[in-house]
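Report on one structure; see the data block that follows.
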Amino acid sequence: MYEDKVMDYFNNPRNVGDIENADGTGRIGDAGCGDIIKIDIKVADRHIVDVKFKAFGCCAAIATSSMATEMAKGKTIKEGLAISNEAVAKALGGLPPQKMHCSNLAADALHEAIKDYQKKQAQ
Amino acid sequence: MKRIYLDHNATTSLDPEVLKAMMPYLTGEFGNASSIYECGRMAQKAVVEAREKVARLIGAQSDELFFTSGGTEADNWALKGAAEALRDKGNHIITTVIEHHAVLHTCEYLEEQGFEVTYLPVDEYGLVDPAAVEQAITDQTIIVSVMYANNEIGTIEPVEEIGKIVKEKGILYHIDAVQAVGKIPVDVNAIGVDLLSMSAHKLYGPKGVGALYIRKGVKINNLLHGGAQERNQRAGTENVAGIVGFGKAAELSCDNLIETAERLTRLGDRLAKGITEKMDHVRFNGYPLHRLPGHVNVSIEFVEGEALVMSLDMQGISVSSGSACAAGSADPSHVLLAIGLPHEIAHGSLRMTLGKDSTEADVDEVLTILPRIVEKLRAMSPLYQ
């Protein structure tokens, strides 16, 4: 059902946790549909210097969150916004078709976190 | 890695004794049971003996049993065959919201054919209220179909009480007993049922064979048309090896029914007790007083079922979940929603169904591994504080 890489990122998730005093937080999904992803970012000099996630959801939700955080770390804000859900799935070697829409929302959560940061900067 | 299989409601392993009984009919004894020469007669005799064994398991007479390709065919035959046969008497069917899809989707098909179906709700334990059955009956009602025991939460329905009401009104009564037969005593005469569906692979028999019990005198239309097999009522060359396997499996479960049920109840209680002791924020689903032996369905809050199932699988433990992801659908199990679980709790459900080869050591191993997995997943969960 899942590629080995998905199971690796599910079983050994990278960047799990919360960032205290995060510069931006993104949250997507709801418990009713079975997936919630939360991503915290720390930004310095327009770069995402730290990123952590928490996820309630299936293997795909956890693996994509884990992969998205890894892809975002060290990137500029602009580069972070350019990471797509499809790119995250591709980096994991692909997801089963039924997971592409419902459990592949990690990049959206990352974008929400970046927008939250930008909103705070604008204030 | 030793695998611990705790999904006996999905299917069971083939009992070695059953395989042994089947082997001659998969090898040398290949005759068609309809042929009149020696090897055909041998096959015919084997089918007759198997029919007697399966009949004995449910207290029926052997000429009331018709072999099918499985539980799904039996359910389809019972409902479509009865609905068509009784069409001039009425067009109303009563069933419940927690039936297996073999019944639910057949009822939906019958609705497309012009029948009206009432889907009765259940209470928080998954119990159907016999009074609700009585209230739902109209002068158009021709069939009442209720499952004996629910495949997901294990609740055993008050089939005898419902039977009394249904029989009093002279309505045809079908029971989907796929999960009950071989696990708890089933007696068609005590219930007063007219049609009863069963499947071999739930009781250590082979896949691809089941049976429909049709009470003597009850007439339903055929589902399959063709040859004269099964006394002109179910066409198709007999699956002799499968039928023999079903017979042997029925005989074995008949012999050990009560002891196995008692042992599995104790093991299931040990598992549930261990879960309660080792984890917080868990709730058990199903009727505590009257449930299939060795059936544990538990919702573990703040985690999702597929993640639990896959994590347990990596540790060699096979279980199932009512979460949407585990079922490959958009919504969690219709049964868990029907007993009133909120979506997020239903997503975190695990079904563990023990079987005759399950041991205390298996249960204790699960009780060591499961809490660790839950702890790890909860540490990742934004819902868990």
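We did not get these values from a lab; they are worked out from the coordinates using the rules stated. Computed from a predicted structure; not experimentally measured. Positions of Cβ are backbone-derived with ideal geometry, glycine not excepted, and every protein chain shown enters the neighbour counts.
Angle between the Cα long axis of helix B:71-85 and the longest principal axis of chain B, 0 to 90 degrees, nearest 10? The angle comes out at about 50 degrees. Checking Cβ-Cβ separations below 4.7 Å across the protein assembly as shown identifies A:C33, A:C59, A:C102, B:C39, B:C107, B:C254 as cysteines lacking any candidate disulfide partner. Taking other Cβ atoms within 10 Å as a rough exposure proxy, B:E365, B:E344 sort from fewest to most as B:E365, B:E344. Around the amide H of B:G210, modelled in the peptide plane, lie the amide H atoms of B:T68, B:S69, B:G70, B:A200, all under 5 Å away and 5 or more residues distant in sequence or on another chain.
Entry note, the protein assembly as shown: the mean residue ellipticity at 222 nm calculated from DSSP H runs of n ≥ 4, each adding -39500 (n - 2.57), is -13500 deg cm²/dmol after division by the residues and rounding to the nearest 500. For B:V319, the shell of other residues with beta-carbons less than 10 Å away shows a net charge of -1, using +1 for Lys and Arg and -1 for Asp and Glu. Each of A:D45, B:D255, B:D129 was scored by other Cβ atoms within 10 Å of its Cβ. Arranged with the fewest first, they read A:D45, B:D255, B:D129.
The B:K169 and B:V282 beta-carbon pair, evaluated with R₀ = 41 Å, returns a calculated FRET efficiency of approximately 0.45. With no solvent and one equal point scatterer placed on each C-alpha of the range A:4-118, evaluate the Debye formula and give log10 I(q)/I(0) for q = 0.10 Å⁻¹, two decimals. After summing over all Cα pairs, the log10 values are -0.24. Projecting the Cα atoms of B:P158, B:L172, B:T95 onto the dipole axis of the range B:80-198, where Lys and Arg carry +1 and Asp and Glu carry -1 at the beta carbon, places B:L172 farthest toward the positive end.
Is there a quick way to get the dipole size of chain B? I mean about its Cα centre, with the Cβ of Lys and Arg at +1 and of Asp and Glu at -1; what is the value in debye to the nearest 20?
Details: 35 positive and 52 negative charges, 173 e Å.
The calculated dipole for chain B is roughly 840 debye.
Selection among B:S381, B:G294, B:L336 by position relative to the dipole of the range B:286-382 gives B:L336 as farthest towards the positive end (Cβ unit charges, Cα centre).
How long is the gain from B:H290 to B:A10 if the chain were fully straight, where each residue apart is worth 0.36 nm and the alpha carbon distance is subtracted?
On the way: separation 280, 0.36 × 280 = 100.80 nm, distance 2.01 nm.
This chain segment gains 98.8 nm when fully extended.
Near B:D7, the amide H atoms lying under 5 Å from its own belong to B:T353; only residues 5 or more places off or on other chains count, and H is placed 1.01 Å from N.
Phi angles of the range B:367-375 translate, via the Karplus equation with coefficients 6.51, -1.76, 1.60 and θ = phi - 60°, into HN-Hα couplings of 5, 7, 7, 4, x, 5, 5, 4, 4 Hz per residue; Gly and Pro are given as x. In the calculated pair-distance distribution of the range B:1-143, the portion above 17 angstrom amounts to 74 percent of the Cα-Cα pairs. Give me the net charge for the shell around B:K219: Cβ to Cβ below 15 angstrom, other residues only, Lys and Arg +1, Asp and Glu -1. Residues near B:K219 contribute +1 overall. In the range B:1-100, with Lys and Arg counted as +1 and Asp and Glu as -1 at Cβ, which of these residues, B:I4, B:L79, B:F67, has the Cα nearest the positive end of the dipole, that is, farthest along it? Most positive-ward Cα: B:I4.
Looking at this model, which pairs from A:K5/A:K115; B:K20/B:K53; A:K42/A:K115; A:K54/A:K119 are more than 18 angstrom apart at the alpha-carbon?
Pairs exceeding the cut-off: A:K5/A:K115; A:K54/A:K119.
From least to most packed, judged by other beta carbons within 10 angstrom and beginning with the fewest, A:C58, B:C107, B:C39, A:C102 follow the order B:C39, A:C102, B:C107, A:C58. Straight-line reach from B:K80: taking Cα to Cα under 17 Å and skipping same-chain neighbours fewer than 8 places apart, the aspartates and glutamates in range are B:D88, B:E99, B:E108, B:E111, B:E112, B:E116, B:D176, B:D194.
Using only side-chain charges placed at the Cβ, +1 for Lys and Arg and -1 for Asp and Glu, the dipole size of the protein assembly as shown relative to its Cα centre rounds to 780 debye. What is the helix-to-structure angle for B:305-314, meaning the angle in degrees between its Cα long axis and the longest Cα principal axis of chain B, kept from 0 to 90 and rounded to the nearest 10? Approximately 90 degrees, to the nearest ten.
Spacing of the modelled spin labels on B:Q315 and B:D255, each 7 Å from Cα toward Cβ, amounts to 3.6 nm.
Using the Cβ of A:Y2 as centre and a radius below 12 Å, the other residues enclosed give a net charge of -3, where K and R count +1 and D and E count -1. Overall size of chain B from C-alpha positions, given as principal axis extents largest first: 69, 54, 33 Å. Could you identify which residue out of B:P293, B:P16, B:P121 has the top mean-square fluctuation in a GNM of chain B using Cα springs shorter than 10 Å? Maximum among the listed residues: B:P16. Over the protein assembly as shown, one equal point on each Cα, no solvent: what is log10 I(q)/I(0) by the Debye formula at q = 0.09, 0.10, 0.12 Å⁻¹? Debye intensities relative to I(0), on a log10 scale: -0.71, -0.84, -1.06.
Relative to the dominant Cα principal axis of chain B, helix B:240-278 is inclined by about 20°.
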